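The block underneath contains the structure these notes are about, expressed in structure tokens.
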Amino acid sequence: MDLSTLPTLTALSDCVTIAQLGENKIVRVIHPKASAAVSLHGGHVISFKPEGEEDLIWMSTEAVYDNKTALRGGIPICWPWFGRIAAPAHGFARNSEWHLIEHRESEYGVIISLGLTDSAETRNIWPHKFALVLNVEITEALKVTLNITNTDSAPWRFSGALHTYLNLGDIHTMEVTGMGSSYIDGLQGGKVCQGEDILTLSDTIDRVYTEPSDEIVLHDQTLDRKLSVVNRGDNSAVLWNPWAEGAKSMGDMNDNGYLSMFCIESTLHADSLESGHELASGDSYQLETVISAK
């Protein structure tokens, strides 16, 4: 994605502008250390390019920027639940309009802070009060932190994920390490399985790895780089690729898109709303992912 070609709506500083992509307003960062873009619709990171690198983030060429539809690719925010344990799937945060709280910049990079709070619309879906702050730190690495605060008078439960789509050269020449061996297989009805220490793919995958290492590494032989993913606040890592048949079934994914993407997600997983993480009134929680190229 060539960020420089997007029409500028507002210049906030030398490095940060508000730009237009379709109907979506984009916080665009062009800094000597890296460039990046975050859609206000969904609080959704859609690009991160350290200086001299290919984009670390994959976006579908068929993603719909109508300021209504959840975007295919990037880093969707799945909250206040992950998966299809309630409707809409993956919660409402990825389909909500976030607002820019502030931006800070220095010689080392830029930090963008976005906010989302409860409204009549969200309370119709999930009857609780909350405040979310998404901090996107853009340096040689990308650090995305979702700060979750219970502003209600009673505790509530939640799950969620930072659903990162990584950009790679060719899925056939990729290896992944650090995800651990124990996983719940979504393609086998939630069966608990044991896998290998090195993951390679020749078909679709939809797994919740329950004992990941602190660092998961995607070894990309085609682009000759390693992508490091360090997650915090998670209890699992979801690894996903839809493969050819899955890609063709999705209207917002290009048919060959599966060849150049792989999801490694920082996930606070729960099987139901009732089994989610409990957050007391006034308390906060952080879910984080840090992505870098080696």
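From the list Ala131, Ala154, Ala87, Ala161, which one is touching a Cys at 6+ places or on another chain (Cβ under 8 Å) and either outside any loop (DSSP other than H, G, I, E, B) or surrounded by fewer than 18 Cβ atoms within 10 Å (Cβ to Cβ) (or both)?
Checking each option against the conditions leaves just Ala161.
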Item checked: Sole exception among (1) at positive phi; (2) of a type outside the set (Phe, Trp, Tyr); (3) buried (at least 16 other Cβ atoms within 10 Å of the Cβ) for Glu265, by number -> (1)
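Only one of Ser275, Ser292 is in a loop (DSSP other than H, G, I, E, B) and either of a type in the set (A, V, I, L, M) or at pLDDT 95 or above (or both); which?
On the way: Ser292 fails: in a loop (DSSP other than H, G, I, E, B).
Among Ser275, Ser292, only Ser275 is in a loop (DSSP other than H, G, I, E, B) and either of a type in the set (A, V, I, L, M) or at pLDDT 95 or above (or both).
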Check: In the range 90-122, how many are surrounded by 19 or more Cβ atoms within 10 Å (Cβ to Cβ), aliphatic (A, V, I, L, M) and either more than 14 Å from Val27 (Cβ to Cβ) or touching a Phe, Trp or Tyr at 6+ places or on another chain (Cβ under 8 Å) (or both)?
Finding: 3
Check: Which of the residues belonging to the range 230-251 are over 18 Å from Asp206 (Cβ atoms) and not in a strand (DSSP E or B)?
Finding: Gly233, Gly251
Next item on the list: Would you check which residues across the range 206-226 are touching a residue at least 40 places away in the same chain (Cβ under 8 Å) and assigned to a strand (DSSP E or B) and list them?
Entry: Val208, Ile216, Val217, Leu218, His219, Asp220, Arg225, Lys226
Check: Restricting the search to the range 211-227, which residues are in contact with a strand residue (DSSP E or B) (Cβ under 9 Å, 6 or more places away or on another chain) and surrounded by fewer than 16 Cβ atoms within 10 Å (Cβ to Cβ)?
Finding: Glu211, Ser213, Asp214, Glu215, Gln221, Thr222, Lys226
Notebook entry, point to check: In the range 237-270, how many are closer than 11 Å to Gly160 by Cα and of a type outside the set (A, V, I, L, M)?
Noted result: 4
Checklist line | Residue that is nearest to His269 (Cα to Cα) [pool: residues in the range 108-128 that are without any contact (Cβ under 8 Å) to a residue 40 or more places away in the chain and in a loop (DSSP other than H, G, I, E, B)] | finding: Pro127
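The values are calculated or read from the model by the stated rules, or taken from the named source; none is laboratory data. Here the structure is a predicted model, which means the values were calculated and not measured. Backbone-built Cβ (ideal geometry, glycine too); neighbour counts: all protein chains shown.
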